[in-house]
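Below is one structure, written out as structure tokens, with a few remarks after it.
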Amino acid sequence: MNKILDNINYPEDLKKLTIFEKQKLSKEIREYLLEIVSNNGGHLASNLGVVELTIALNSVFNLPEDKVIWDVGHQSYVHKILTGRKEKMKTLRRFEGISGFPKTSESEYDSFDTGHSSTSISVALGMARARDLLHKKNKIIAVIGDGSLTGGMAMEALNDAGSSKTNIIVILNDNEMSISKNVGGIPELLTKIRIKRAYNRSNNSIKRFFNKVPVIGKPIVTLAHNIKRGIKQLVIQNMYFEDIGFTYLGPVDGHNIQELENILHKSENIEGPILIHIITKKGKGYKFAEENPDKFHGISSFNIETGETLSKSKKDYSKVFGDKLVQLASKDEKIVAITAAMKDGTGLKEFEKKFPKRFFDVGIAEQHAIGLLGGISASKLKPVFAVYSSFLQRGYDQLIHDIAIQNLPVTIAIDRAGIVGADGETHQGLFDLSFLSTIPNFVIMAPKNFEELEKMLEFSINIDKPVAIRYPRGGEGNIKFEKCQNIELGKAEVIREETDLTIIAIGKMVSKAIEIANLLKERDINAEVINARFVKPLDEKTILKSVEKTKNAITIEDGILNGGLGTAVITTINNSNLSNIKVKTFGYDDCFVKHGKIEEIENEYKLDIKYIVEKFIK
């Protein structure tokens, strides 16, 4: 039996369908999403929640002339299916396949690259203002989730757009979820609006009735409009969006295609900024995702029948960090934990259970989190902020202004540092070593294994300085280390003493350095291996002593070379009185790294063990 989806390749095909056919198409798309994501992994729950919305957007508007900017972008799978990439979805998130996020290089229907939250309204307003300057008439639509409204950038953009009188449509996809459950005042405001849907329905019914009354009907409607604001203040205490200048439409059922199309058509005839509030269910149509939307936000391949992931869960750095922090907090009441909507991902779930009064989830608000971190530290407590590397980038100014200038003792636990794999450029954690190294007063460390992470965490909490500890996604490397020395500030660890070559590595690359040394040994090359531990302060004494002996050095790091470990080592050697030292650095050189498996990426960027061995020998 032919499926409707078989004949849908581009938005023009959608425009030929009836509402009933579009409803059937929604079911088929959900089945296809389950097939793809169960095989490839990816963001399932958020995409299941926007199926009808995506169909309506592509039915009403004229893409790609009209522009849709998907905030974060992880919910753009349905958009890709409907814009010429249905078959390519089978390569989703795979090396050389299509991305799990919008990419302008991938399709003209992707109007802007997105990967982080809270950016879409700013981008859409920029496009709308450019459109007006160019005397064009196309529509600009930003689709943003309610969780993203906790981000300061979104609030700044709403403020600007509301006062601009610019024609722009903001669709607020309200599913009460970001990754973890939403926190803060904005979700509470939306809850008030949701429970007052009866106000909007009754208001529209009354207006329709009086407009039909001869002579006196329209004057009554005009009078009602003049006092409407007062009524709203009685029913809904704070109509925030209208207060700042938006025409507010909704709430509307985000799974009713007819209602969605009606309200989108209505928006086309309204001047100025418009906010359309839709209510959706994250994970819609798949029982396991509806019941556990946080689990199915981003998931590896899984069994559709049971909802269980195919790969068994293993001990990883996030859990080791979380467990150790709980252990330390049990003995020290001054320890406080902070997250930015990533409680589960960063391993802080158990901390929240055991110490709810010392746990703060600030929502998607990394800048605020770092300011909060500074305030808690200035009050003589010991705050720990757990954050993904790619999201820490958003708080760079706060790291300088609110932490480093005052030399406040804080711990920043940088999860997902280095290559993270299938999420691609916007999520690879390649820049933390480089941008932190430029900030005075910061101590920067990276552990070679779980045990060293535990020791570094305990060390950081008890040192009177700002400290960043970066560690990768997943588990330990292939090498099992016999011992783990205690942590001393700025002190490296010499793991193997030899004479021909110095290998200086940090973090997960220390395991790779040992494997390289073992292969070189088979070629009669004796490699000394140094676990740098610290990028800042670097153990210059240990490194210079080693390279003076071997005359040859290579550095290996899981990050951008410029400003990282390799830069620090070369600078140290250049500033010394040593001469004739040959240094080769291995890392990622001035690039944004695409998506794929970590092993595939390391092979592509010449960080695999075989390449490094052959390069040194040549």
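The values are calculated or read from the model by the stated rules, or taken from the named source; none is laboratory data. Predicted model only: the values in this text are computed from it and were never measured. Note: ideal-geometry Cβ built from the backbone for every residue, glycine included; neighbour counts use all protein chains shown. Protein only, heavy atoms only, side chains kept; ligands, DNA and RNA dropped before computing areas. Shrake-Rupley method; radii C 1.70, N 1.55, O 1.52, S 1.80 Å.
Overview of results
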{"quantity": "Yes/no for residue 518 being open to solvent by less than 10 Å² (accessible area, probe 1.4 Å) and either of a type outside the set (Val, Ile, Thr) or within 22 Å of residue 414 (Cα to Cα) (or both)", "calculated": "no"}
{"quantity": "Some residue of the stretch 487-501 being over 27 Å from residue 314 (Cβ atoms), in contact with a strand residue (DSSP E or B) (Cβ under 6 Å, 6 or more places away or on another chain), assigned to a loop (DSSP other than H, G, I, E, B) and open to solvent by less than 10 Å² (accessible area, probe 1.4 Å)", "calculated": "yes"}
{"quantity": "Test: residue 355 is among the aromatic types (Phe, Trp, Tyr) and buried (at least 21 other Cβ atoms within 10 Å of the Cβ)", "calculated": "no"}
{"quantity": "Filter result for residue 533 (out of contact with any His (no Cβ under 8 Å at 6 or more places or on another chain) and over 26 Å from residue 601 (Cβ atoms))", "calculated": "no"}
{"quantity": "Filter result (surrounded by 12 or more Cβ atoms within 10 Å (Cβ to Cβ) and among the aromatic types (Phe, Trp, Tyr)) within the stretch 6-24", "calculated": "10"}
{"quantity": "Residues located in the stretch 129-163, provided they are outside any helix (DSSP H, G or I) and not hydrophobic (A, V, I, L, M, F, W, C)", "calculated": "135, 136, 137, 138, 139, 145, 151, 163"}
{"quantity": "Residues that are of a type in the set (Gly, Ala, Ser) and either at positive phi or open to solvent by 20 Å² or more (accessible area, probe 1.4 Å) (or both), drawn from the stretch 367-381", "calculated": "371, 375, 378, 379"}
{"quantity": "Residue among 384, 420 that is open to solvent by less than 10 Å² (accessible area, probe 1.4 Å) and touching a residue at least 24 places away in the same chain (Cβ under 8 Å)", "calculated": "384"}
{"quantity": "Among the candidates 206, 220, residue that is under 26 Å from residue 268 (Cβ atoms), at pLDDT below 65, more than 33 Å from the chain's Cα centre (by Cα) and open to solvent by 30 Å² or more (accessible area, probe 1.4 Å)", "calculated": "206"}
{"quantity": "Any hit, the stretch 563-576, residues being closer than 26 Å to residue 425 by Cα, in contact with a strand residue (DSSP E or B) (Cβ under 6 Å, 6 or more places away or on another chain) and not small (Gly, Ala, Ser)", "calculated": "yes"}
{"quantity": "Members of the stretch 324-371 that are outside any loop (DSSP other than H, G, I, E, B), under 20 Å from the mean Cα position of the chain (by Cα) and not basic (Lys, Arg)", "calculated": "337, 338, 339, 360, 361, 366, 367, 368, 369, 370, 371"}
{"quantity": "Test: residue in the stretch 106-129 that is at pLDDT 95 or above and under 22 Å from residue 604 (Cα atoms)", "calculated": "yes"}
{"quantity": "Conditions (1) part of a loop (DSSP other than H, G, I, E, B); (2) touching a residue at least 60 places away in the same chain (Cβ under 8 Å); number of the one not met by residue 106", "calculated": "(2)"}
{"quantity": "Positions within the stretch 450-476 being outside any strand (DSSP E or B), more than 19 Å from residue 402 (Cα to Cα) and within 25 Å of the chain's Cα centre (by Cα), in sequence order", "calculated": "450, 453, 457, 471, 472, 473, 474, 475, 476"}
{"quantity": "Strands (runs of 3 or more DSSP E) fully within the stretch 517-618 counting 3 or more residues that are more than 22 Å from residue 478 (Cβ to Cβ)", "calculated": "534-536, 552-560, 582-588"}
{"quantity": "Any hit, the stretch 33-41, residues being farther than 19 Å from residue 263 by Cα, open to solvent by 10 Å² or more (accessible area, probe 1.4 Å) and not in a helix (DSSP H, G or I)", "calculated": "no"}
{"quantity": "Candidates 319, 315 - the one that is open to solvent by 50 Å² or more (accessible area, probe 1.4 Å), modelled with pLDDT under 95 and within 30 Å of residue 448 (Cβ to Cβ)", "calculated": "315"}
{"quantity": "Yes/no for residue 151 being at pLDDT below 95, of a type outside the set (D, E, K, R) and either in contact with a Ser or Thr (Cβ under 7 Å, 6 or more places away or on another chain) or within 25 Å of residue 31 (Cα to Cα) (or both)", "calculated": "yes"}
{"quantity": "The stretch 54-77: number of residues that are in a helix (DSSP H, G or I), surrounded by fewer than 24 Cβ atoms within 10 Å (Cβ to Cβ) and among the hydrophobic types (A, V, I, L, M, F, W, C)", "calculated": "1"}
{"quantity": "Index of the failed condition, residue 364 passing every other in (1) over 25 Å from residue 564 (Cα atoms); (2) modelled with pLDDT under 95; (3) surrounded by fewer than 24 Cβ atoms within 10 Å (Cβ to Cβ)", "calculated": "(3)"}
{"quantity": "Members of the stretch 297-312 that are at pLDDT 90 or above, in a loop (DSSP other than H, G, I, E, B) and surrounded by 15 or more Cβ atoms within 10 Å (Cβ to Cβ)", "calculated": "307"}
{"quantity": "Check on residue 146, in contact with a Pro (Cβ under 8 Å, 6 or more places away or on another chain) and touching a residue at least 12 places away in the same chain (Cβ under 8 Å)", "calculated": "yes"}
{"quantity": "Exclusive hit being surrounded by fewer than 24 Cβ atoms within 10 Å (Cβ to Cβ) and modelled with pLDDT under 95, set 86, 27, 3, 90", "calculated": "3"}
{"quantity": "Which numbered condition residue 345 fails, given (1) modelled with pLDDT of 95 or more; (2) on the phi < 0 side of the Ramachandran plot; (3) small (Gly, Ala, Ser); (4) open to solvent by less than 70 Å² (accessible area, probe 1.4 Å)", "calculated": "(1)"}
{"quantity": "Condition check for residue 447: out of contact with any strand residue (DSSP E or B) (no Cβ under 6 Å at 6 or more places or on another chain) and open to solvent by 30 Å² or more (accessible area, probe 1.4 Å)", "calculated": "no"}
